[in-house]
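The values are calculated or read from the model by the stated rules, or taken from the named source; none is laboratory data. This structure is a prediction, so every number in the text was calculated from the model and none was measured. Heads up, the Cβs are rebuilt from the backbone with ideal geometry, glycines too, and the neighbour counts pull from every protein chain shown.
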Amino acid sequence: MRFFPWLAALLLTAACATPPRPVGAPSRVVVVGASVVPRPAPRGVVADVFGGEEPRDVVAREAAEALRARGFSVLGVETVVGPAPTVEEAARLARERQADATVVLVLTRLDLSALQPLGQVQVTLESLMVGPTGQVWTSGERRTATAERLYQSRTNWRSHVRQAVIQSVRELP
């Protein structure tokens, strides 16, 4: 008997945690990850052996996961080497993939100076959501100071980028 009230409370909490999307907001998206930040130097034994990962790959992968968690249908994930796509290029990509919008996340700053001593990282992401006709649903920049308390996060910048991407995706319609 106690299971049903617990389940109801859990479902209510989950429903309140994710803000509803506006009527007519995109639901099928293409994700583009980009970065103007160079790949950080490997930290730790595993990273030294296998090499590091590109920040744009982390941004694209984590954005796709965060969008799926919000109920979006992700039709494709791409990374961009060089400058971020323009509004026209993002609209073209949405048309090609028959998506409602293209979500572009660009990592513009990754300050790892406080990673080892404090477990903190300064992350700046630019976000852009463009429809197939060129309509800009949202555009903005988000500066985040992430703090993780786990040992791994003091040697791994990916968890901090993931946290910043999730916060940026929550702000999309």
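In the set (1) at pLDDT 75 or above; (2) hydroxyl-bearing (Ser, Thr, Tyr); (3) within 17 Å of the chain's Cα centre (by Cα), residue 146 fails one condition alone, (1).
Residue 136: at pLDDT 90 or above and either closer than 21 Å to residue 58 by Cβ or crowded, with 16+ Cβ neighbours inside 10 Å (or both), yes or no? Answer is no for this residue. From the list 74, 45, 58, 30, the one residue that fits, being modelled with pLDDT under 95 and in contact with a helix residue (DSSP H, G or I) (Cβ under 8 Å, 6 or more places away or on another chain), is 58. In this structure, does residue 68 turn out to be of a type in the set (D, E, K, R), modelled with pLDDT of 95 or more and under 13 Å from the mean Cα position of the chain (by Cα)? Taking the combined requirement at face value, the residue satisfies it.
For region 71-88, the candidate set comprises residues that are more than 15 Å from residue 27 (Cβ to Cβ) and of a type in the set (Gly, Ala, Ser); within that set, the residue that is nearest to the chain's Cα centre (by Cα) is 84.
Going through (1) within 15 Å of residue 60 (Cα to Cα); (2) surrounded by fewer than 21 Cβ atoms within 10 Å (Cβ to Cβ); (3) of a type outside the set (Asp, Glu); (4) modelled with pLDDT of 85 or more one by one, residue 95 falls short only on (1). When each of 108, 102 is tested for being modelled with pLDDT under 95, among the hydroxyl-bearing types (Ser, Thr, Tyr) and closer than 18 Å to residue 140 by Cα, the lone residue that passes is 108.
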